[in-house]
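> Mind having a look at this structure? Questions to follow.
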Amino acid sequence: MADGVRLFIDSFDGYSIGVSSPDLPGLVGGFATRAEVADTDAVLEMAVAAGMSPHASHRLYFGEVFNAGDMIVTARFEDDARRQERVAALDDLIGQLEAAPEFVNGLLTDELGDVTIIVCLPGDSLRKATRPFVAEQTTFLALVLADGEIVLSPALVDRSATPGDEEYFQRLGLSVDSTVLDLYEASGGSEPGDAEAHSLRGLVGAGR
């Protein structure tokens, strides 16, 4: 995996921490508290035990799984040097969705009826934003604007292995090097009422 093994570290309503990876089906574990994952070596040891090479590159994604309206929402961000900004954006998103559950109830869900959101900053590339996408899972990108407003992308799905689908970003004149802000401007902002998820066949695969 040229762009690194993706490791998801998700807090479940603040009560427990789960560790999983779409690239390591055997990785199923967790911790009782956030303090236990403060040292990410424990997560990496768990991943190696599940089959990741000790020499493999990896990317960490921190997330929260919470209830909003009738939905279970998973919101994640990719860890990097701007962690504090991303944590603040994640907290803002959770607060706004919990305060307006009717908005969440209008979102397109996955097969289990859940919603997955990747929290982004305006300058994040679409390459970075789509890295945590899981094949066939409907996902939204959440963008925090300068005034604190949070907007969601249209529903997106990685169908890289499915022939014949449209390549949504390319139809908008975008590439993996375009930013999430470019996507917001090109798509006209949030479209939570979309009846179908826009396919990212080919483009997402190229971004990993």
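What follows is calculated from the coordinates using simple rules that are stated; it is not laboratory data. Because the structure is a prediction, the values reported are computed rather than measured. Cβ atoms come from the backbone with ideal geometry, glycine included; neighbour counts cover every protein chain shown.
> Around GLY29, which amide H atoms from residues at least 5 apart in sequence, or from another chain, sit under 5 Å from its own amide H, with H modelled in the peptide plane?
Residues meeting the amide H criterion: VAL19.
> Could I ask something else about it? Could you tell me the distance between the Cα centroids of the range 26-60 and the range 103-145, to the nearest Å?
Cα centroid to Cα centroid, the span is 23 Å.
> Follow-up. Show me the three semi-axes of the equivalent ellipsoid for the range 1-56, from the C-alpha gyration tensor (sqrt of 5 times each eigenvalue), largest first, rounded to whole Å.
The answer is 20, 11, 9 Å, longest axis first.
> What percent antiparallel are the DSSP beta bridges of the range 33-184, to the nearest 5?
That works out to approximately 60 percent antiparallel.
> When Rg is the radius of gyration of the Cα atoms in the chain and Rh is its Kirkwood radius, what does Rg/Rh come to?
That ratio is 0.94, to two decimals.
> For the chain, modelled as a GNM with alpha-carbon contacts under 10 angstrom, which of SER125, SER53, SER21 fluctuates the most?
SER53
> Under 10 Å, Cα contacts only: if you run a Gaussian network model on the chain, which one of ARG171, ARG127, ARG83 comes out with the highest mean-square fluctuation?
Result for the chain, Cα springs under 10 Å: ARG171 fluctuates most.
> Dipole of the chain, Cα-centred, from +1 at each Lys and Arg C-beta and -1 at each Asp and Glu C-beta, to the nearest 20 debye?
In total the dipole reaches around 620 debye.
> What is the gain in length, in nm to one decimal, between PHE12 and GLU111 on full extension, counting 0.36 nm per residue of separation less the C-alpha to C-alpha distance?
Working it through step by step, the gained length comes to 33.7 nm.
> If you place +1 on the Cβ of every Lys and Arg and -1 on the Cβ of every Asp and Glu, how big does the dipole about the Cα centre of the range 1-56 come out, in debye to the nearest 20?
Charge dipole of the range 1-56: 80 debye, to the nearest 20.
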